[in-house]
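Trainee: Structure provided below as structure tokens; questions to follow.
The values are calculated or read from the model by the stated rules, or taken from the named source; none is laboratory data. Computed from a prediction, not measured in an experiment: that's the story for all the values here. Cβ: placed from backbone, ideal geometry, glycine included. Neighbour counts: every protein chain shown.
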């Protein structure tokens with residue numbers, strides 16, 4: 001039944017059972033990439049190297 005529904009999130013017989021650590025995403029054209037995931041972190045951040053002298 002859950003696989004037949006075109007939605008990013010489906011809850012069955014539960015209310016407010018979502019875990020805030022689980023990646024959340026859309027469906028169809030918004031399907032690629034999920035919020036709260038490694039993909040989202042890489043999309044919204046830039047890699048930077050910093051050299052710091054200690055002492």
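Trainee: If the requirement is being at positive phi and either at pLDDT 75 or above or surrounded by 10 or more Cβ atoms within 10 Å (Cβ to Cβ) (or both), which of these qualifies: 36, 28, 43, 48?
Mentor: Working: 28 fails: either at pLDDT 75 or above or surrounded by 10 or more Cβ atoms within 10 Å (Cβ to Cβ) (or both); 43 fails: at positive phi; 48 fails: at positive phi.
Within the list 36, 28, 43, 48, the selection yields 36.
Trainee: Show the residue pairs that are 6+ apart or on different chains and have beta-carbon atoms under 8 Å apart, the first residue being within region 29-55 and closer than 26 Å to residue 9 by Cα, the second being at pLDDT below 80 and in a helix (DSSP H, G or I).
Mentor: Matching pairs, first to second residue: 33/39; 33/40; 33/43; 34/40.
Trainee: In this structure, is residue 13 modelled with pLDDT of 70 or more, part of a loop (DSSP other than H, G, I, E, B) and touching a helix residue (DSSP H, G or I) at 6+ places or on another chain (Cβ under 9 Å)?
Mentor: Details: modelled with pLDDT of 70 or more: yes; part of a loop (DSSP other than H, G, I, E, B): yes; touching a helix residue (DSSP H, G or I) at 6+ places or on another chain (Cβ under 9 Å): no.
No; evaluated as a whole, the condition is false for this residue.
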